[in-house]
Amino acid sequence: MARAGRKDEAVKEYRALAEAFPDEATWHYLLGRLLDGEALEKELRAALQIDPKFFWAHFGLGQYAIDHGRSREAIPHLQAARELRPDFLEAHDALATAHH
């Protein structure tokens, strides 16, 4: 129960930061990391609108799409992530998974 309470507080805190600084991609990304489903996707997309080269937002959207059976939607985000961070092997692995 305490864990859920801490998560709720963190969501409130990051939501307030995202609202106070709407042009800061990091706050939308961090808020999204605490959310699930469409709310997560919305915040990751907001982060990418602000910063199209935000590696973690691309990677997160790719993973979200794979988790929801939308591999075709994952591919462009995972390719972008791989181009931004060619050393990040998880992006390569996720892209290979999306292609299957």
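The values are calculated or read from the model by the stated rules, or taken from the named source; none is laboratory data. For clarity, every value in this text was computed on a predicted model and none was experimentally measured. Methodologically, a virtual Cβ is constructed for each residue, glycine included, from the backbone with ideal geometry; neighbour enumeration extends over all protein chains shown. Protein only, heavy atoms only, side chains kept; ligands, DNA and RNA dropped before computing areas. Shrake-Rupley method; radii C 1.70, N 1.55, O 1.52, S 1.80 Å.
Among rounded, prolate and oblate, which fits segment 28-100 when a ≥ b ≥ c are the square roots of the eigenvalues of its C-alpha gyration tensor, a/c under 1.5 means rounded, and a/b larger than b/c means prolate?
oblate
By how many degrees, 0 to 90 and rounded to 10, does the Cα axis of helix 89-99 deviate from the longest principal axis of the chain?
Long axis of 89-99 versus the principal axis of the chain: about 70 degrees.
Filter the GluC sites (Glu not before Pro) in segment 1-33 down to the DSSP loop ones having no more than 10 other Cβ atoms within 10 Å, then list what survives.
For GluC sites (Glu not before Pro) across segment 1-33 that sit outside H, G, I, E and B with at most 10 neighbouring Cβ atoms in 10 Å, the list is empty.
For segment 30-100, what % of the accessible area comes from carbon and sulfur atoms, probe 1.4 Å?
C and S fraction of accessible area: 51 percent.
For the chain, what is the accessible area per residue in Å² when the probe is 1.4 Å?
With all protein chains present, the chain gives 65 Å² per residue.
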